[in-house]
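Peer 1: Below you'll find the structure I mean.
The values are calculated or read from the model by the stated rules, or taken from the named source; none is laboratory data. Quantities reported herein were computed from a predicted structural model and do not represent experimental measurements. Virtual Cβ from ideal backbone geometry, glycine too; neighbours counted across all protein chains shown. Heads up: the accessible areas ignore ligands, DNA and RNA and are worked out on the full protein's heavy atoms, side chains in. Shrake-Rupley method; radii C 1.70, N 1.55, O 1.52, S 1.80 Å.
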Amino acid sequence: MKCSFCLFYILLFIMSNDCLSNNLDSSAIKMTNKIMMNDSIKSDSIIRVDESEFKYADTKRYTISGDLPYASTHFKLLPTIGVTSSIVSLFIAQHIFQVNSIWKNQTGFRITENWEYGLYADKFGHFYSGNLISYLFRESLIETGMSDEMSNIIGASLGLTYMTYIEVLDGFSKEWAFEPSDFYFDVLGSIFFLSQYYVTYLQNITPKGNYLNPGWFGESKRVPSSNFIDDYSGQTFFFSFNVYNMLPVNLKRYWVDGLELSVGYAARNLSDGSNLLNSNSNKQYYPGVWGSPRFIFTLDYNLVKLLPDGPPFWNWLKQTLNRFKLPSPALEVGPDIEPRFKIMYPFF
């Protein structure tokens, strides 16, 4: 749209200069240029999303560059080239890393179903990954000049495409296989991300996750595991609720804005039975699957609200970090452990 307006004014200026060249003096030409520049600025502001609408629930949203996204797509050449080359480079690097680690041993394509081996922690992981990667694609696409709506649609589509690629490569690995349930949770993660754009109430629920080496807090790594990607014993996944925004207006004064509540799940000390280091909090739930499922009820922080504003990239970074769960006071319960409260879960 901006290009159309500029082209219109350029053509108008050329036509006017052609027809009235004998009558226009230099001051008139300067005035025409000034009008064209002002109108161009106005047209640019018209096609950007209104700042009052660029929110996540009741929290201001930020872009990497600090500019508001366009309401209609207006691609920018250099950012588009930069984003595209960055995505391709990261994809190649990640592919090489995984081909030399979890996909190292190849076989024919196989399809299996195994809900139990990670005590369901991996399913939450697929949901979270599909959601997070869709977010990262969306944020990158906005920088190319893609409209806010289309960046959400294409971002979710690319997020699901990427996760599908992961599942297909799993299908060719001897240690893994294509699991339909993994794919279903990939789909759910991307769908939930896109749904939050159209059903804004869902923005009060933020999927979060983290990975911490289990040895740092007295648990054991998953056996077997080749790296943090398949070490589900150190992965924890949460749904964080924006309580302040969900409360009725007359109750908001009783809650601290920026303080949230999260419900999480983890499966600690996962093992195939060959290395049972923590037998007191580890039992066999399925044939060949040992572990300790945990449910976590914890306070949480909205980093966008609590951390101070700064340069554009800092604002975007705190927004992105808000999708990762930081240590906080929590109550941990499970079928094979006593309920325990930790001031900075999961450490102490």
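Peer 1: Report yes if Phe109 is over 16 Å from Ile142 (Cα atoms), in contact with a strand residue (DSSP E or B) (Cβ under 8 Å, 6 or more places away or on another chain) and modelled with pLDDT of 90 or more, otherwise no.
Peer 2: The answer is yes for Phe109.
Peer 1: Moving on. Determine if region 291-298 includes at least one residue that is buried (at least 22 other Cβ atoms within 10 Å of the Cβ) and more than 27 Å from the chain's Cα centre (by Cα).
Peer 2: Yes, region 291-298 has at least one match.
Peer 1: Checking Tyr211 against (1) open to solvent by 30 Å² or more (accessible area, probe 1.4 Å); (2) farther than 21 Å from Tyr117 by Cβ; (3) within 21 Å of the chain's Cα centre (by Cα): exactly one of these is not met. Which one?
Peer 2: It fails just one condition, (2).
Okay, residues lined up against (1) charged (D, E, K, R); (2) out of contact with any Gly (no Cβ under 7 Å at 6 or more places or on another chain):
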| site | (1), (2) |
| --- | --- |
| Pro287 | no, yes |
| Phe295 | no, no |
| Asp309 | yes, yes |
| Trp314 | no, yes |
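Peer 1: In addition: Looking at region 299-319, which of the residues that are surrounded by fewer than 17 Cβ atoms within 10 Å (Cβ to Cβ) and either among the aromatic types (Phe, Trp, Tyr) or in a helix (DSSP H, G or I) (or both) is nearest to the chain's Cα centre (by Cα)?
Peer 2: Out of the qualifying residues, it is Leu317.
Peer 1: Can you find a residue in region 156-179 that is open to solvent by 60 Å² or more (accessible area, probe 1.4 Å), closer than 30 Å to Leu77 by Cα, among the β-branched types (Val, Ile, Thr) and in a helix (DSSP H, G or I)?
Peer 2: yes
Peer 1: Considering only region 320-348, state which residues are of a type outside the set (D, E, K, R), in a strand (DSSP E or B) and farther than 24 Å from Tyr62 by Cβ.
Peer 2: Pro329, Ala330, Leu331, Val333, Gly334, Ile337, Pro339, Phe341, Ile343, Met344, Tyr345, listed by residue number.
Peer 1: Any idea which of Phe192, Phe185 is in a helix (DSSP H, G or I), at pLDDT 95 or above and touching a Lys or Arg at 6+ places or on another chain (Cβ under 6 Å)?
Peer 2: Criteria check complete, one pass: Phe185.
Peer 1: Kindly evaluate Lys30 against the criterion of being out of contact with any strand residue (DSSP E or B) (no Cβ under 7 Å at 6 or more places or on another chain), surrounded by fewer than 14 Cβ atoms within 10 Å (Cβ to Cβ), basic (Lys, Arg) and at pLDDT below 95.
Peer 2: Taking the combined requirement at face value, the residue satisfies it.
Peer 1: Still on this structure, I have one more. Among the residues in region 192-199, are any in contact (Cβ under 8 Å) with a residue 60 or more places away in the chain and under 18 Å from Asp122 (Cα atoms)?
Peer 2: Yes, that holds for at least one residue.
Peer 1: Something else now. Any idea which residue in region 68-103 is most open to solvent (accessible area, probe 1.4 Å), counting only those that are without any contact (Cβ under 8 Å) to a residue 24 or more places away in the chain and assigned to a loop (DSSP other than H, G, I, E, B)?
Peer 2: Among residues in region 68-103 that are without any contact (Cβ under 8 Å) to a residue 24 or more places away in the chain and assigned to a loop (DSSP other than H, G, I, E, B), the one most open to solvent (accessible area, probe 1.4 Å) is Asn100.
Peer 1: Give just the number: which of (1) surrounded by fewer than 21 Cβ atoms within 10 Å (Cβ to Cβ); (2) in contact with a strand residue (DSSP E or B) (Cβ under 8 Å, 6 or more places away or on another chain); (3) at pLDDT below 95; (4) not basic (Lys, Arg) does Asn227 not satisfy?
Peer 2: Result: Asn227 passes all but (2).
Peer 1: Among residues belonging to region 238-280 that are open to solvent by less than 20 Å² (accessible area, probe 1.4 Å) and among the hydrophobic types (A, V, I, L, M, F, W, C), point out the one that is modelled with the lowest pLDDT.
Peer 2: This residue is Leu270.
Peer 1: Please state which of the following conditions Arg138 fails to meet, knowing it meets all the rest: (1) part of a helix (DSSP H, G or I); (2) closer than 29 Å to Asp272 by Cβ.
Peer 2: Only one criterion in (1) part of a helix (DSSP H, G or I); (2) closer than 29 Å to Asp272 by Cβ is unmet by Arg138, namely (2).
Peer 1: Kindly check whether there is at least one residue in region 286-296 that is of a type in the set (A, V, I, L, M) and within 18 Å of Asn210 (Cβ to Cβ).
Peer 2: Among the residues of region 286-296, at least one is of a type in the set (A, V, I, L, M) and within 18 Å of Asn210 (Cβ to Cβ), which makes the answer yes.
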